[in-house]
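A short worksheet on the structure shown next.
All of the numbers you see were taken from the coordinates with simple rules; none came from a lab. Source: prediction; values computed, not measured. Glycine also receives a Cβ, built like all others from the backbone with ideal geometry; neighbour counts cover every protein chain displayed.
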Amino acid sequence: MYKVLMVCLGNICRSPLAQGILEDLAYKNKITLHVDSCGTSGWHVGNAPDQRSIEIAEKHHIDISSQRARKFNTNDFKSFDKIYVMDTSNYTNVIRLCSNKKEAEKVELILKIINQKEGRSVPDPYYGGKNGFENVYKLLYSACEEIIKKIPLDHER
Ligand code: 4NP
């Protein structure tokens, strides 16, 4: 089964949403996919997603409330086929932990898949208002639609 990991800093705002959206799209498209998320920091380990992420997901009929934050670890390079990071800082933090080219090639900025021009980072909404979360949702939804289209067929069924 194809396995996708979503990574952000705290694993409470962006990557839980990315996980929820991709799981939902996989289900709706009848694609068997394993999706997980984590943070490069351990600041929120064991915590549920931020209430604002839970609410924006709920608004789109996705339940992410049972997710719990965990920290990225080097086993993730082996366990997952693809590792999508939310911003350039996440990218640096993950890449510095990889031990070979094969592992490094699994890591990609998630917005690269939709050719997002402005910096190619999903903005960190943690210190902002609710609009930030709506924007994050829209960006991640567009990216996840493309991810679903690109799941290699030999993994899919
Ligand atoms: P996330 O957002 O990386 O999208 O989960 C953040 C969550 C928490 C913090 C920063 C960003 N923090 O500083 O605690």
*With both partners inside segment 2-149, how many of the DSSP beta bridges are antiparallel, as a percent to the nearest 5?*
0
*Report ³J(HN,Hα) in whole Hz for each residue of segment 130-137, in order, from the Karplus equation J = 6.51 cos²θ - 1.76 cosθ + 1.60 where θ = phi - 60°; Gly and Pro get x.*
5, 4, x, 6, 5, 4, 4, 4
*Which FRET efficiency, nearest 0.05, do HIS60 and LYS3 yield, Cβ-Cβ r, R0 25 Å?*
0.60
*Three principal axis extents, largest first, for the C-alpha atoms of segment 1-72, in Å?*
35, 28, 15
_Whole-percent pair-distance distribution, where bins are 5 Å wide, for the alpha carbons of segment 63-150_ = 3, 12, 20, 22, 23, 14, 5, 1
*asked:* Full-extension gain between SER99 and GLU145, please, as 0.36 nm times their residue separation minus the C-alpha to C-alpha distance.
replied: 13.5 nm
_Equivalent ellipsoid dimensions for segment 2-149 as semi-axes, Å, which come from the Cα gyration tensor, largest first_ = 21, 17, 16
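Can you list which of the chymotrypsin sites (Phe, Trp or Tyr not before Pro) found in segment 1-55 are DSSP loop residues with at most 13 other C-beta atoms within 10 Å?
Answer in residue order: TRP43.
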